[in-house]
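The values are calculated or read from the model by the stated rules, or taken from the named source; none is laboratory data. Treat the numbers as computed from the prediction; the structure is a model and nothing was measured. Note that each Cβ is placed from the backbone with ideal geometry, even for glycine, and that neighbours are counted across all protein chains shown.
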Amino acid sequence: MERFLTLGIETSCDETSAAVVLNGREVLSNVIYSQIDIHKRFGGVVPEVASRKHVEIISLIVEEAIKEAGIKFSDIDLIAPTYGPGLVGALLVGLSYAKGLSLSLKKPLIGVNHIEGHISANYIQHKYLEPPFLCLVVSGGHSHLVYIEDYDTYEIIGKTRDDAAGEAFDKIARALGLGYPGGPLIDKIARQGNEDAIDFPRAYLEEESFDFSFSGLKSAVLNYLNKMSMQGIEIKKEDVAASFQKSVVEVLANKTIRAAKLKKINKVALAGGVAANSRLRDELSLLCKKYGFEFYYPSIELCTDNAAMIAASGYYAYKKGRVSSLSINAYPNLKIGEKL
């Protein structure tokens, strides 16, 4: 029986993570160091601060992942670092470390697309999930509808035209004075609110479009808050959060189901940081049940940035015959399916 060990390394933003994954699906270790407490005081991620922290911690995180997996460095068969998209300084830390490791251990290296990693988190959570399937990827920087035709073969059906869903959550959370990161805080407070209290707009764009746009919704919420403030009317934060969240979720879920119908596919997956949102999970679960689709989503830990998902994606890309040279660079604007 195959025993192939992949070391994943993730440093695309403000999490430093290393993981050892067996045969692309079984997680032997997944160590994550989060910088959230560091960046909270700034209301968002400061790229230079993030990069410096990655430099400080990466060796310790990788060593801990190897130890936790109960293996030696020499047991590793493949090294898979994230090389984009993300913050260029942060990406370079993990990529440079991985290159050095690849050279010293004489092990193959494969650069992994961070968003494709999020999709691959579902392979870890659901051991028997195989392509083809449709995946909604929603995070702080990305909102994509992706058709996974095969391992390492992706077709973008829709994407954000302006603010990603997670970015909109962060901005509205800040406007409501909830803090950072916004997604979990909006989700929490919205449970106490009336989601039908305020009728915020839903941007479906052109009739046949699968793209997303949340800048108009963000402006509508901010205008509402300003109007209430100017009129001296008390704002119920939980109602604003719930109504805003409902607007985002309805657009994401409805477009996902419509895309699944178009592709004649009965498997729908969810991935990315916003995939942890309880309202989005519930809505997609209900719609998938209604239309007879199978619905897949990762655990909360696998929704956030982590190296296990990167290792899984790297494993399947390698098995498809891809490998990276030591000259590979960081690409902060890397697209899904783009091979550099």
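Go through the range 186-220 and count every residue that is assigned to a helix (DSSP H, G or I) and surrounded by 19 or more Cβ atoms within 10 Å (Cβ to Cβ).
Number satisfying all stated conditions: 6.
Based on this model, can you work out whether Val249 counts as among the β-branched types (Val, Ile, Thr), under 15 Å from Ser278 (Cβ atoms) and in a helix (DSSP H, G or I)?
For Val249, the condition - among the β-branched types (Val, Ile, Thr), under 15 Å from Ser278 (Cβ atoms) and in a helix (DSSP H, G or I) - is met.
Any residue in the range 300-309 that is touching a helix residue (DSSP H, G or I) at 6+ places or on another chain (Cβ under 9 Å), hydroxyl-bearing (Ser, Thr, Tyr) and closer than 19 Å to Ser96 by Cα?
no
Just to verify a result, which residue in the range 249-271, among those that are crowded, with 23+ Cβ neighbours inside 10 Å and within 16 Å of His126 (Cβ to Cβ), is farthest from the chain's Cα centre (by Cα)?
Val268
Do any residues in the range 278-292 that are under 14 Å from Ile186 (Cβ atoms) have Cβ atoms under 6 Å from those of residues that are surrounded by fewer than 12 Cβ atoms within 10 Å (Cβ to Cβ) and modelled with pLDDT under 95, where the two are at least six apart or on different chains, and which pairs are they?
Nothing qualifies.
Please state which of the following conditions Ile156 fails to meet, knowing it meets all the rest: (1) in the same structural domain as Ile9 (by TED's automatic domain parsing); (2) in contact with a Lys or Arg (Cβ under 9 Å, 6 or more places away or on another chain); (3) of a type in the set (A, V, I, L, M).
(1)
Of all residues being among the small types (Gly, Ala, Ser) and within 15 Å of Asn113 (Cβ to Cβ) in the range 61-89, which is surrounded by the fewest Cβ atoms within 10 Å (Cβ to Cβ)? Just the residue, please.
Out of the qualifying residues, it is Gly84.
Considering (1) at pLDDT 95 or above; (2) on the phi > 0 side of the Ramachandran plot; (3) touching a helix residue (DSSP H, G or I) at 6+ places or on another chain (Cβ under 9 Å), say which one Gly292 fails and leave the rest.
(3)
Go through the range 158-176 and give me each residue that's among the hydrophobic types (A, V, I, L, M, F, W, C) and within 17 Å of the chain's Cα centre (by Cα).
Result: Ala164, Ala165, Ala168, Phe169.
Looking only at the range 260-277, filter to residues that are outside any loop (DSSP other than H, G, I, E, B) and either modelled with pLDDT of 95 or more or charged (D, E, K, R) (or both); which one of those is nearest to Ser139 (Cα to Cα)?
Looking at residues that are outside any loop (DSSP other than H, G, I, E, B) and either modelled with pLDDT of 95 or more or charged (D, E, K, R) (or both), I get Ala271.
If we keep just the residues of the range 111-132 that are surrounded by fewer than 23 Cβ atoms within 10 Å (Cβ to Cβ) and not basic (Lys, Arg), which is farthest from Glu294 (Cα to Cα)?
Among residues in the range 111-132 that are surrounded by fewer than 23 Cβ atoms within 10 Å (Cβ to Cβ) and not basic (Lys, Arg), the one farthest from Glu294 (Cα to Cα) is Gln125.
State all residues of the range 24-41 that are at pLDDT below 70, surrounded by fewer than 19 Cβ atoms within 10 Å (Cβ to Cβ) and either among the charged types (D, E, K, R) or more than 14 Å from Asp170 (Cα to Cα) (or both); if no residue qualifies, say none.
Result: Asp37, Ile38, Lys40, Arg41.
Considering each residue of the range 106-139, count those that are assigned by TED's automatic domain parsing to the domain that holds Ala308, in contact with a Pro (Cβ under 9 Å, 6 or more places away or on another chain) and farther than 18 Å from Thr153 by Cα, and give that number.
Summing the residues that are assigned by TED's automatic domain parsing to the domain that holds Ala308, in contact with a Pro (Cβ under 9 Å, 6 or more places away or on another chain) and farther than 18 Å from Thr153 by Cα in the range 106-139 gives 1.
Among the residues of the range 221-247, which ones are more than 12 Å from Asp187 (Cα to Cα), among the small types (Gly, Ala, Ser) and within 26 Å of the chain's Cα centre (by Cα)?
Hit for the range 221-247 is Ser247, nothing else.
Determine whether the range 42-61 contains at least one residue that is modelled with pLDDT of 95 or more and either over 22 Å from the mean Cα position of the chain (by Cα) or assigned to a loop (DSSP other than H, G, I, E, B) (or both).
Yes; the residues of the range 42-61 include at least one that is modelled with pLDDT of 95 or more and either over 22 Å from the mean Cα position of the chain (by Cα) or assigned to a loop (DSSP other than H, G, I, E, B) (or both).
Which pairs turn up if I take residues in the range 95-107 that are touching a residue at least 60 places away in the same chain (Cβ under 8 Å) and look for partners that are among the small types (Gly, Ala, Ser) and surrounded by 15 or more Cβ atoms within 10 Å (Cβ to Cβ) with beta carbon separation below 8 Å, at least 6 apart in sequence or on another chain?
So the pair list comes out as Leu95/Gly111; Leu95/Ala330; Ala98/Ala80.
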